[in-house]
1. Among the listed residues Glu270, Glu320, Glu281, Glu311, which satisfies the condition of being farther than 30 Å from Tyr215 by Cβ and surrounded by 11 or more Cβ atoms within 10 Å (Cβ to Cβ)?
2. Just to verify a result, which residue in region 4-23, among those that are under 10 Å from Leu37 (Cα atoms) and modelled with pLDDT of 90 or more, is surrounded by the most Cβ atoms within 10 Å (Cβ to Cβ)?
3. Which of the residues that make up region 256-267 are surrounded by 10 or more Cβ atoms within 10 Å (Cβ to Cβ) and assigned to a helix (DSSP H, G or I)?
4. State yes or no: is Val237 within 30 Å of Glu174 (Cβ to Cβ) and surrounded by 13 or more Cβ atoms within 10 Å (Cβ to Cβ)?
5. Could you run through region 91-107 and say how many residues are in contact with a Phe, Trp or Tyr (Cβ under 9 Å, 6 or more places away or on another chain) and at pLDDT 90 or above?
6. Taking the criterion of being basic (Lys, Arg), under 25 Å from the mean Cα position of the chain (by Cα) and modelled with pLDDT under 90, would at least one residue in region 212-222 satisfy it?
7. What are the pairs, 6+ residues apart or on separate chains, where a residue within region 200-213 that is within 11 Å of Val243 (Cα to Cα) has its Cβ under 9 Å from a residue that is assigned to a helix (DSSP H, G or I) and of a type in the set (Phe, Trp, Tyr)?
8. The conditions are (1) small (Gly, Ala, Ser); (2) touching a strand residue (DSSP E or B) at 6+ places or on another chain (Cβ under 9 Å); (3) in a loop (DSSP other than H, G, I, E, B), and Gly216 fails exactly one of them. Which is it?
Amino acid sequence: MELIGELQSIIYRNDINGYTIAEFETQDESTTIVGYLPFINPGDNLKLEGNYVEHKEYGMQFKINTFEKLMPQTMKAIEKYLASGNIKGVGEVIAKRIVKQFKEETIEVLKNEPYRLEIIKGISKNKAIEISESFVENWEVWQIVGFLEKFGIGAEYAKKVFDLYGVNAIQQIEEDPYLLLDVTRGIDFKQIDKMALDLGLDYTAEKRIQSGIKYGLIRCTNNGHSCVLKENLIHFVEDLLNVSEEHIDNGLIDLKLKNEIVIEQREKDEWVYLDYFYNTEEEIAFRILRLQNAKNIKKISNIETNLKKVEDLSKIELSEKQKEAINLINENNVVIITGGPGTGKTTIIKSIIDIYEEKKYKVVLCAPTRTSSKKNDRNNRKRSINIA
């Protein structure tokens, strides 16, 4: 079922995912709508597809499956849209002046003849350009939103697509749907592939083969890996695209020549990386080696004595493995400690902090997530640093 009308007011919105409850007015009636409407504001004209559902507490509501933002049709609607805050540099007063001056030409002026805006009181040459650019960007982003829905890609990526490909984004993606692989993870490759084939792309086209290879590598990184065995990648792409190993080998060669992938030989096996993952790993390795090879300015000469003192104060008897870990930390600039829950990792960290703080060393703990790190001071553990 389809509804066309104007969003009147927002009753509730989840700012994280865009889930919205709002009042929507069609030509015939006003109704409550529910669904995902990111970036939509009161005054926006929409075409909604969905169906009516009965809420046990709030009654009849229209549940949105998909939506499309429409260009305002009437002078009143255009003025309301311009005054909504969507367009940089335009408020209620300026919006009223623009519509009064240009009437039915308003949209055309905003999109293609911004210099004409200079005759409006309060609009300079620079401001006219700024208003036009904001209008075009705002509108193009929403055309992209509707287009991306066909691929199951969320509205949050529309701005990124616009920034990458500009006002001709939709045309470029229609010419090469595989461009979307560079925009977001988790997309439906088969849907994009079907569109490309429907547009006449050959099954063995270089663009298709290379996109399938890159998609396989992206899938690999989604599972926490930075590379994949070449033979496993070839089998995956064979099943994905239904093409021969020879075509895939040629695609790998072409991508390597374009510096989009790296193929690394390790003994008898070949491993394939996306170029930027390989470069990232290489940089991390370089920094770790540089840190490890630097002078150890934190080494404590009498670590055993200090360790015994910490055990006595904390009334904890460390295992031999825990003592070994603490000695390794003392001797090396870089140490990786692993183990399952309850194996004593936290006790090791607490003990080494106690030792260094007893020596008046400054200790800083960092976490790779938003979970806050903590440091130990001489009296109690206090919040120290939070690194996202």
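The values are calculated or read from the model by the stated rules, or taken from the named source; none is laboratory data. For clarity, every value in this text was computed on a predicted model and none was experimentally measured. A quick note on method: Cβ atoms are made from the backbone with ideal geometry, for glycine too, and the neighbour counts reach across all protein chains shown.
1. It is Glu311.
2. So the residue we want is Ala22.
3. Matches in region 256-267: Lys256 only.
4. Considered against the rule, which asks whether it is within 30 Å of Glu174 (Cβ to Cβ) and surrounded by 13 or more Cβ atoms within 10 Å (Cβ to Cβ), Val237 comes out as yes.
5. 1
6. Yes, region 212-222 contains at least one residue that is basic (Lys, Arg), under 25 Å from the mean Cα position of the chain (by Cα) and modelled with pLDDT under 90.
7. From residues that are within 11 Å of Val243 (Cα to Cα), the pairs are Arg208/Tyr178; Gly212/Tyr178; Gly212/Phe189; Gly212/Phe236.
8. It is condition (3) that Gly216 fails.
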